[in-house]
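Taking it in order: structure first as structure tokens, then the write-up.
The values are calculated or read from the model by the stated rules, or taken from the named source; none is laboratory data. Owing to the predicted nature of the structure, the values given are computational and were not obtained by experimental measurement. Note that we place each Cβ from the backbone using ideal geometry, even for glycine, and neighbour counts take in every protein chain shown.
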Amino acid sequence: MGWRILQITKPCKLNVKQNQLVYEPFEGEGTTFPLEDISVLLLESKAVQINSFCLSEMAKNNIILFSCDFSHMPSGIFYPFHNYCRYSLVAWCQKDLSEPFKKQLWQSVVKAKIRNQAESLKIAGRSNSDKLEKLAKTVLSGDSKNVEALAASIYWKSLWDDFNRHDDADLKNAALNYGYAIVRGCLARFLVGAGLLPCFGIHHANQLNQFNLIDDLMEPFRPFVDQKVYALNLDKKGDLTPTLKHQLLEVLTENCFIAEEQNSFLKSCEICATAFAKTTQTKKRGDLKVPFLKNTLILNFKGE
């Protein structure tokens, strides 16, 4: 996968010629980008013309393509359909996961999320990271005591003063939701690429949600977005400008630790997806790989 993240904000035509993405704005000069250099393409303009050959070439080059709604929030994602050579095997293994095993996997995911939230507070220089680290150790199979919710309450109150995660008028919430949507789409791309069925989760089980598994596995990734938003030092009021959205997209270019080594964020999404596909076949909880904000956490957590 490439390294460029492209935002298309102006009306234009997109085409592919000689393995190059050709960008032709209706006003101004155009340019080209090697397909192999592109990792993410975000279509913010509602007047982008793109043909089926271009879409096919993007899929072939593992480019993640997002479309946006009228509020410029990601609303759709294009990814190859069942391109994994052993799709049927992986899908059946996933479908046959036992409920006790799925609860064990969810326990590992929640532990990782809370530990990343603790590390997020440390990086931000905020209090209560020690409380979250202790809470992470108390998570039971299936998170039967709902420690995740308790940790979230402490986390959000600690990360920002006078912050309400449900306040739609707060710019920080708009930024968080934008970042989460991007991460959700990227993880969806890799899970499908690994032959998995994203509608079958290990915890989320909404029959109207085709992304239950993505919503499960993205939980440890959320604090990476939280840290990006915190670092931007946003006011409560304001607009989600193109510049701000570009800064939020930079989370995809940062490094994190997974499988006991440092990788790019996008590579970590791929490793997480591939490892989960393996886990469905081996039925070994330790094969699950989740990201960490800091490599020292890996030394203390092996997914148990």
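A few notes on this one:
- Residue pairs meeting the criteria (Cβ under 7 Å; at least 6 apart or on separate chains; first modelled with pLDDT under 90, in segment 53-69; second of a type in the set (Asp, Glu) and not in a loop (DSSP other than H, G, I, E, B)): Asn61/Glu36
- Single condition Glu260 does not satisfy, out of (1) on the phi > 0 side of the Ramachandran plot; (2) at pLDDT 90 or above; (3) not aliphatic (A, V, I, L, M): (2)
- Test: residue in segment 69-88 that is assigned to a helix (DSSP H, G or I) and either over 23 Å from the mean Cα position of the chain (by Cα) or farther than 30 Å from Ala152 by Cβ (or both): yes
- Residue check for Gln104: of a type outside the set (D, E, K, R), at pLDDT 95 or above and assigned by TED's automatic domain parsing to the domain that holds Ala151: yes
- Among the candidates Leu14, Leu35, Leu42, Leu21, the residue that is within 20 Å of Met73 (Cα to Cα), touching a helix residue (DSSP H, G or I) at 6+ places or on another chain (Cβ under 9 Å) and outside the structural domain of Lys267 (by TED's automatic domain parsing) is uniquely Leu42.
- Enumeration of residues in segment 217-236 that are in a helix (DSSP H, G or I), closer than 21 Å to Ala194 by Cα and aliphatic (A, V, I, L, M): Leu217
- Against the list (1) crowded, with 22+ Cβ neighbours inside 10 Å; (2) assigned to a strand (DSSP E or B); (3) not hydrophobic (A, V, I, L, M, F, W, C), the condition Gln262 fails is (1).
- Segment 171-214, residues that are in a helix (DSSP H, G or I) and farther than 21 Å from Lys267 by Cβ: Leu171, Lys172, Asn173, Ala174, Ala175, Leu176, Asn177, Tyr178, Asn212
- Applying the set (1) in contact (Cβ under 8 Å) with a residue 40 or more places away in the chain; (2) within 27 Å of Ala277 (Cα to Cα) to Asp215 leaves exactly one unmet item: (1).
- When Ala205 is tested against (1) farther than 29 Å from Arg126 by Cα; (2) buried (at least 21 other Cβ atoms within 10 Å of the Cβ); (3) not basic (Lys, Arg), just one condition goes unmet, and that condition is (2).
- So Lys131, is it under 23 Å from the mean Cα position of the chain (by Cα) and of a type in the set (D, E, K, R): no
- Under the condition of being assigned to a helix (DSSP H, G or I) and within 22 Å of the chain's Cα centre (by Cα), the residues counted in segment 148-170 number 8.
- Of all residues in segment 265-304, those being loosely packed, with under 14 Cβ neighbours inside 10 Å and either modelled with pLDDT of 90 or more or closer than 17 Å to Lys103 by Cα (or both) number 6.
- Residue check, Asn173 assigned by TED's automatic domain parsing to the domain that holds Gln227 and farther than 24 Å from His246 by Cα: no
- Of all the criteria given as (1) in a helix (DSSP H, G or I); (2) in contact with a Phe, Trp or Tyr (Cβ under 9 Å, 6 or more places away or on another chain), the one not satisfied by Leu6 is (1).
- Condition met for Thr243 (of a type in the set (S, T, N, Q), in a helix (DSSP H, G or I) and in contact (Cβ under 8 Å) with a residue 12 or more places away in the chain): no
- For Met73: the one exception among (1) at pLDDT 85 or above; (2) surrounded by fewer than 18 Cβ atoms within 10 Å (Cβ to Cβ); (3) closer than 23 Å to Val192 by Cα: (1)
- Every pair of residues 6+ apart whose Cβ atoms lie under 6 Å, when the first sits in segment 131-153 and is more than 13 Å from Lys111 (Cβ to Cβ) while the second is modelled with pLDDT of 95 or more and surrounded by 12 or more Cβ atoms within 10 Å (Cβ to Cβ): Lys131/Ile154
- Taken over segment 14-33, the criterion of being under 28 Å from the mean Cα position of the chain (by Cα) and either closer than 22 Å to Cys68 by Cα or assigned to a strand (DSSP E or B) (or both) is satisfied by Leu14, Asn15, Val16, Gln20, Leu21, Val22, Tyr23, Thr32, Phe33.
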